[in-house]
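Here's the structure we're looking at; comments come further down.
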Amino acid sequence: MRIVDLFCGIGGFSEGARLCGHEICVAIDNDPELLKTHSKNHEQCEHHCVTLPEGMPDILLHNVHIHASPPCQSLSQANRLTTTDKIHKSLKLVEWYLSYVIKHKPASWSFEQVCTPDVMNIVTNFSRLHAHVCKFTVINCSDFCVPQDRKRLIAGSPNIIDCLLSNKK
């Protein structure tokens, strides 16, 4: 499947998808240095250095999986230096991405974020309204053989989440 990776950073999700046999066709991030690293590992990919959501390019999403990992630093409970404004901006990115999925109807989609009460509330409400296109779970990365005790909220197309949950350990 063709993959669009939003907030791609250096490409953790992209590389995992590539190793599973998928084609990374578009990667977007607003940090040119991170995008430069991503482009070295995914040369065939179309790269966009823009700030989302304002700079979101038009992308044909027919037969495409779209993934987003919006910046979570300001939402993390470990970040004692965040501000109310930064938290609000980060939550708006979560809401924007979920509305983007509904509006553009990709073949499939996924989303990864810290598991805070605010994020859980947004995703829970979205899932209630759009149960046919959204399922979510909270995982501990250590359950997937990642050597860290780290909880993440994962949302996406119901078949994607079902597949994730069937592959624990």
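The values are calculated or read from the model by the stated rules, or taken from the named source; none is laboratory data. If you're wondering where the values come from, they're calculated on a predicted model, not measured in any experiment. Don't worry about glycine lacking a Cβ; one is built from the backbone with ideal geometry, like all the others, and counts go over all protein chains shown. Just the protein is used for accessible areas: all its heavy atoms, side chains included, with ligands, DNA and RNA removed. Shrake-Rupley method; radii C 1.70, N 1.55, O 1.52, S 1.80 Å.
Leaving out ligands and nucleic acids, and using a 1.4 Å probe, what accessible area per residue does segment 119-169 come to in Å²?
Per residue, segment 119-169 has 60 Å² of solvent-accessible surface.
For residue 111, the residues whose modelled amide H falls within less than 5 Å of its own, excluding neighbours fewer than 5 places apart on the same chain, are 68, 155. Maximal additional length on extending the residue 167-residue 107 stretch stands at 19.5 nm, based on 0.36 nm per residue less the C-alpha distance. Among 142, 99, 69, which one moves the most in a GNM of the chain with springs linking Cα atoms closer than 10 Å? For the chain, modelled as a Gaussian network with Cα springs under 10 Å, the answer is 142. The amide H of residue 46, built 1.01 Å from its N in the peptide plane, has 26, 27 as neighbours under 5 Å, considering only residues 5 or more places off or on other chains. In a DSSP loop and with at most 12 other Cβ atoms within 10 Å, the trypsin sites (Lys or Arg not before Pro) in segment 82-168 are 150, 168. Charge dipole of the chain (Cα centre as origin; +1 on each Lys and Arg Cβ, -1 on each Asp and Glu Cβ, all else neutral): 500 debye, rounded to the nearest 20. So what are the ³J(HN,Hα) numbers for segment 8-23, from phi and the Karplus equation (6.51, -1.76, 1.60; θ = phi - 60°), rounded to whole Hz, Gly and Pro as x? Karplus-based 3J(HN,Hα) across segment 8-23 equals 5, x, 7, x, x, 5, 4, 5, x, 5, 4, 5, 8, x, 8, 9 Hz. Relative to the current alpha-carbon distance between residue 141 and residue 87, full extension at 0.36 nm per residue lengthens the span by 17.1 nm. Each of residue 15 and residue 41 was given a label point 7 Å from its Cα along the Cα-to-Cβ line. The distance between the two points is 0.3 nm. Per-residue Karplus couplings for segment 99-113, computed as 6.51 cos²θ - 1.76 cosθ + 1.60 with θ equal to phi - 60°, are listed in order as 5, 4, 4, 5, 5, 9, 6, x, 4, 7, 8, 8, 8, 10, 7 Hz, Gly and Pro entered as x. For the chain, give the percent of accessible area contributed by carbon and sulfur heavy atoms, probe 1.4 Å, rounded to a whole number. About 54 percent, which is the carbon plus sulfur part of the accessible surface.
Based on the alpha-carbon gyration tensor of segment 81-169, what equivalent-ellipsoid semi-axes (square roots of 5 times the eigenvalues) come out, in whole Å, largest first? Working shown, then result.
Numbers: eigenvalues 90, 78, 19 Å².
Each semi-axis is √(5λ); the values are 21, 20, 10 Å.
Taking each residue as 0.36 nm, the span from residue 130 to residue 54 lengthens on full extension beyond its C-alpha to C-alpha distance by 24.9 nm. For the chain, a Kirkwood radius taken over Cα pairs fed into Stokes-Einstein (20 °C, viscosity 1.002 mPa s) yields D = 130 µm²/s.
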